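The values are calculated or read from the model by the stated rules, or taken from the named source; none is laboratory data. Bear in mind that the values here come from a model prediction, so they are computed numbers and not experimental data. Counting neighbours? That spans all protein chains shown, and the Cβs are built from the backbone with ideal geometry, glycine included. In case anyone asks, the SASA skips ligands and DNA or RNA and just uses the protein heavy atoms, side chains included. Shrake-Rupley method; radii C 1.70, N 1.55, O 1.52, S 1.80 Å.
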Amino acid sequence: MTVDHLVYATPDLRQTVADLERLLGVRAAVGGRHLGLGTRNHLLALGGRSYLEIVGPDPEQEAPAGPRWFRIDSLAAPALVNWAVAVTGIDAVTASARERGYDPGDPADMSRRTASGDLLSWRLTPPQRAGHDGLVPFLIDWGATRHPAESGLPAVELVSLRGAHPDPGAVRRDLAAVDVRLDLDEASRPGLTAVLSGRYGPVTL
């Protein structure tokens with residue numbers, strides 16, 4: 001399994017995209033809208049088949065019936081809140097994780113249109129079920145869809161990704177259930193930290 005994407009959520013998408021451009025020297029590409037969820041995104045390639053998703057409220061959609069994904073409605077500032085790993089055969093991977101003591105939730109079908117009108121379709125386990133405040137990644141299976149990172153996105157380098165948690169051992173056990181490793185530190189509060197490198201040097205999210 002590989003890092004598919006990091007989720008950088010924000011209450012103000014336009015401002016956050018501008019701030020990242022100022023820090024990294026690269027402007028994230030328009031991604032698309034998540035109809036019915038009240039969100040839209042911009043994307044930056046991170047090397048290989050990995051990317052950064054900057055996601056926030058879509059002012060052109062009505063507010064969704066429930067809370068927006070990725071804790072967007074409760075954020076006061078941008079935050080790295082989740083990450084995803086790419087899998088093939090998501091149902092079998094989910095079943096295996098459950099046998100090993102971790103339940104990532106039932107995979108669901110998702111889709112969105114790109115800025116050019118192409119339809120992207122994928123399946124994922126619910127991000128809101130990601131364990132230990134998002135330190136355990138949700139699973140995503142792109143099937144036959146062309147991966148977003150292969151569409152010529154503006155690029156920066158992912159230098160490092162690590163997590164912090166009061167009980168790193170518990171996190172490692174659940175990470176192992178989905179065959180994932182993550183560098184972990186013991187800390188009073190859980191959180192993810194990524195270091196990206198753009199034209200102006202390293203930036204920590």
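Numbers below:
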quantity	calculated
Around Gly143: net Lys/Arg minus Asp/Glu count, Cβ-Cβ under 15 Å	-2
Relative contact order for the chain, counting Cα pairs under 8 Å that sit 6 or more residues apart, in percent	24
Alpha-carbon gyration tensor eigenvalues x 5, square-rooted, for the chain, Å	24, 21, 17
Calculated FRET value between Arg189 and Ala95, using beta carbons and R₀ = 35 Å, to 0.05	0.60
The chain - charge dipole about Cα centre, Lys and Arg +1 at Cβ, Asp and Glu -1, debye rounded to 20	300
Alpha carbon centroid spacing (whole Å) that separates the stretch 168-205 from the stretch 81-118	19
DSSP-defined antiparallel bridges as percent of all bridges, the stretch 80-205, nearest 5	75
Computed accessible area, Trp142, all protein chains, 1.4 angstrom probe, square angstrom	20
Bridge type composition, the stretch 1-140 - antiparallel percent by DSSP, nearest 5	80
